[in-house]
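The next block holds one structure in the form of structure tokens; read it before the comments.
The values are calculated or read from the model by the stated rules, or taken from the named source; none is laboratory data. What you see is a predicted model, and the numbers here were worked out from it, not measured in a lab. So basically every Cβ, Gly included, is an ideal-geometry build from the backbone, and we count neighbours across all protein chains shown. To get the accessible areas, we keep the full protein, side chains included, count just its heavy atoms, and leave off ligands, DNA and RNA. Shrake-Rupley method; radii C 1.70, N 1.55, O 1.52, S 1.80 Å.
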Amino acid sequence: MLIKNRRRWEISENDVTSESIFFNRRRFLKTSGLLVAGIGTGLVAGCDDGAEAETVSGALSDPNAARYPAPRNANFTLTREISREEVTSRYNNFYEFGSHKRISGAAQALEIRPWQVVIDGDVDKVLTLDADDLISRMPLEERLYRHRCVEAWAMAVPWTGFPVAELVKLANIKSGVRYLRMETFHNPDVATGQNEFWYPWPYVEGLTIEEATNDLAFMVTGVYGKPLPKQFGAPLRLSVPWKYGFKSVKSIVRFTFTKERPVSFWEDINAAEYGFWANVNPEVPHPRWSQATEELLGTGKRVPTQLFNGYAEEVAHLYTGNETMLYR
Ligand code: MTE
């Protein structure tokens with residue numbers, strides 16, 4: 001299997017938008033100082049206005065924490081029960097921490113603060129943002145969403161976050177952009193699964209611009225009324241509930257706007273089984289199992305799978321006239 005060349009943080013100083021515009025300089029300085037003060041001392045650093053508290057271990061706390069639970073958007077409700085947190089938070093796919101479901105413990109090693117996010121590609125100006133600052137600029141709301149894994153299990157969760165369309169607005173994309181490519185962090189020292197060289201790290205996913213700006217496409221920052229736990233893909237994770245779960249990329253560090261269709265992580269591994277479109281479709285079996293039904297996590301119940309995972313009204317128009325998008 002081919003291993004991709006890493007292209008993380010490859011931006012010149014000139015390309016980066018001025019910190020004074022997009023970066024919370026005060027937090028940045030404090031963070032840098034804290035990293036020095038925190039090592040080996042266990043001291044709580046910082047003595048200004050106390051707007052951000054630190055834990056004794058030196059980790060910064062979430063400056064957006066008080067915004068949870070966010071107001072629920074009544075347009076996104078469910079006709080099935082919300083899955084239990086104790087089940088969904090211990091049954092996760094996050095291959096960076098292991099190719100099994102019990103990664104929640106290992107995922108706690110991920111440092112999510114500070115967390116740098118780059119918005120680049122065909123944009124007026126490349127942006128480098130602190131994730132907390134990005135989130136603080138966004139309108140947070142809670143939405144009840146289904147989630148359907150390609151492995152035929154499903155859950156229903158109250159995500160908190162903001163529409164991906166808001167991020168597209170912030171990016172000031174150039175005309176002619178057709179796709180949004182999203183990339184997960186790459187740090188094999190922390191995410192030991194990334195030492196498994198046969199996977200094409202980092203994890204990459206992509207959407208068309210029409211998909212990314214559809215009202216359902218959601219950038220997740222929290223769940224169950226709280227900031228997002230690491231195993232769910234903190235601090236920023238996608239949710240596109242009409243597609244199989246592998247499209248919902250976790251712990252994103254880079255958003256790239258491009259004219260070229262990105263090759264997704266799983267597509268790269270096996271395009272015949274995990275295609276780029278990955279729209280939920282009970283009529284199209286995975287080559288190795290049926291997609292006609294799904295198991296609701298934590299209940300033992302199996303229910304019929306629905307086209308577009310029940311979101312046909314919202315998204316079917318995106319695919320009219322091109323049936324290949326309904327296959328894989
Ligand atoms: N994102 C990254 N970076 N790495 C992954 O392994 N797994 C995907 C998706 N996003 C994955 C990822 C798959 S297959 C699924 S089903 C969902 O995350 C699982 O999300 P959950 O653990 O919150 O249920």
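A few notes on this one:
- Residue-by-residue Karplus 3J(HN,Hα) for the stretch 67-83, coefficients 6.51, -1.76, 1.60, Hz, glycine and proline x: 8, 10, x, 7, x, 7, 8, 5, 6, 10, 10, 9, 10, 10, 6, 5, 6
- Karplus-derived 3J(HN,Hα) values for the stretch 279-291, using 6.51 cos²θ - 1.76 cosθ + 1.60 with θ = phi - 60°, are 6, 4, 8, x, 7, 10, x, 5, x, 10, 7, 6, 10 Hz; glycine and proline are entered as x.
- In Hz, Karplus ³J(HN,Hα) per residue of the stretch 263-274 (6.51, -1.76, 1.60; θ = phi - 60°; x = Gly, Pro): 9, 6, 3, 6, 5, 4, 6, 7, 5, 5, 9, 9
- Computed from the alpha carbon atoms alone, the convex hull of the stretch 16-326 holds 138 Å³ per residue.
- The H on the amide N of Gly121, modeled in the peptide plane, is under 5 Å from the matching H of Phe257, each at least 5 residues off or on a different chain.
- For the stretch 130-245: rounded, prolate or oblate by the Cα gyration tensor [a/c cutoff 1.5]: rounded
- Expressed as a whole percent, the accessible surface of the stretch 171-321 that belongs to carbon and sulfur atoms is 51, based on a 1.4 Å probe.
- Nonlocal amide H pairs with Val253, under 5 Å, H built at 1.01 Å: Glu183, Thr184, Phe185
- Accessible area of the stretch 16-326 divided out per residue, in Å², using a probe of 1.4 angstrom: 42 Å²
- Net +/- balance of residues flanking Thr299 in space, Cβ distance below 10 Å, scoring K and R +1, D and E -1: +2
- Relative packing of peptides 261-267, 217-223, 164-170, 78-84 - highest average C-beta neighbours within 10 Å first: 217-223, 261-267, 164-170, 78-84
- Net charge of neighbours whose Cβ lies under 12 Å from the Cβ of Glu142, counting Lys and Arg as +1 and Asp and Glu as -1: +3
- Relative to the current alpha-carbon distance between Thr320 and Trp198, full extension at 0.36 nm per residue lengthens the span by 40.3 nm.
- Cut-off 12 Å between beta-carbons: net charge of the residues surrounding Tyr95, Lys and Arg +1, Asp and Glu -1: 0
- Gyration tensor (alpha-carbon) shape descriptor, the stretch 74-192, a/c threshold 1.5: oblate
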